[in-house]
């Protein structure tokens, strides 16, 4: 029978899944406490990074209706819950992993769709939301209502716009600005020490302490 602490942790994780635009699962084995602290700080504007227990995370994901994560919930796991621009969150994880190979990106989910590590890398290669929206708005030739709809759209909707935009660019083989009109039509309206230490020591404020396989 689940303890009150586990019930509370599952409820908090479930809410994080529901309120986040996406989530990226990572393995942090071998990272120092100071490195995890650095990663958290670098992503603060776009994601929260939490060490979690795999069994509790599986239950929380199921309760939140999130699929495709179970296969990644092996070994020490920490999750970046996307609260801002998913592109910038992916960039932060990719760049940190390049500088610190002990961080392994295992997979994730965006707008309800499972993502492979390769797809997360591709997401990181996109321009930021602000840059893309500026280019889209500029290509609308003064259509302020559509531009307003873009900037008011939630992150998940913007992700779909980006997908449509890039698909159109690839189809036409033309410059970005020349392919934005069709994509815009799909937009919703506006209506401590550096010695190696267990990362669990940094998880005092996380949803669930520790990242073991249990």
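The values are calculated or read from the model by the stated rules, or taken from the named source; none is laboratory data. Bear in mind that the values here come from a model prediction, so they are computed numbers and not experimental data. Glycine gets a Cβ as well: all are built from the backbone with ideal geometry, and neighbour counts include every protein chain shown.
Quick check on my filter: what residues within region 1-14 are surrounded by fewer than 20 Cβ atoms within 10 Å (Cβ to Cβ) and farther than 13 Å from residue 79 by Cβ?
Hits for region 1-14 are 1, 2, 3, 4, 5, 6, 7, 8, 11.
Output the residues belonging to region 94-104 that are in a loop (DSSP other than H, G, I, E, B) and surrounded by fewer than 19 Cβ atoms within 10 Å (Cβ to Cβ).
Scanning region 94-104 gives 100, 101, 102.
Say whether the condition of being part of a loop (DSSP other than H, G, I, E, B), under 19 Å from the mean Cα position of the chain (by Cα) and crowded, with 17+ Cβ neighbours inside 10 Å is met by at least one residue in region 37-51.
Yes.
Test residue 75 against the criterion of being in the same structural domain as residue 111 (by TED's automatic domain parsing), at pLDDT below 90, surrounded by fewer than 18 Cβ atoms within 10 Å (Cβ to Cβ) and touching a strand residue (DSSP E or B) at 6+ places or on another chain (Cβ under 7 Å), and give yes or no.
So residue 75 fails the test.
Kindly establish whether residue 89 is more than 17 Å from residue 117 (Cα to Cα), assigned by TED's automatic domain parsing to the domain that holds residue 113 and not in a strand (DSSP E or B).
So residue 89 fails the test.
Quick one: residue 30 ticks every box in (1) in a loop (DSSP other than H, G, I, E, B); (2) within 15 Å of the chain's Cα centre (by Cα) bar one, so which box is it?
Looking at each condition in turn, residue 30 falls short on (2).
Would it be correct to say that residue 91 is at pLDDT 85 or above and crowded, with 17+ Cβ neighbours inside 10 Å?
Against the criterion (at pLDDT 85 or above and crowded, with 17+ Cβ neighbours inside 10 Å), residue 91 qualifies.
On the given criteria, is residue 12 assigned by TED's automatic domain parsing to the domain that holds residue 79 and more than 11 Å from residue 60 (Cβ to Cβ)?
So residue 12 fails the test.
So that you can scan it fast, the table gives a plain yes or no per residue for (1) assigned by TED's automatic domain parsing to the domain that holds residue 12; (2) modelled with pLDDT under 90; (3) touching a strand residue (DSSP E or B) at 6+ places or on another chain (Cβ under 6 Å):
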site	(1), (2), (3)
50	yes, no, yes
59	yes, no, no
64	yes, no, no
69	yes, no, no
85	yes, yes, no
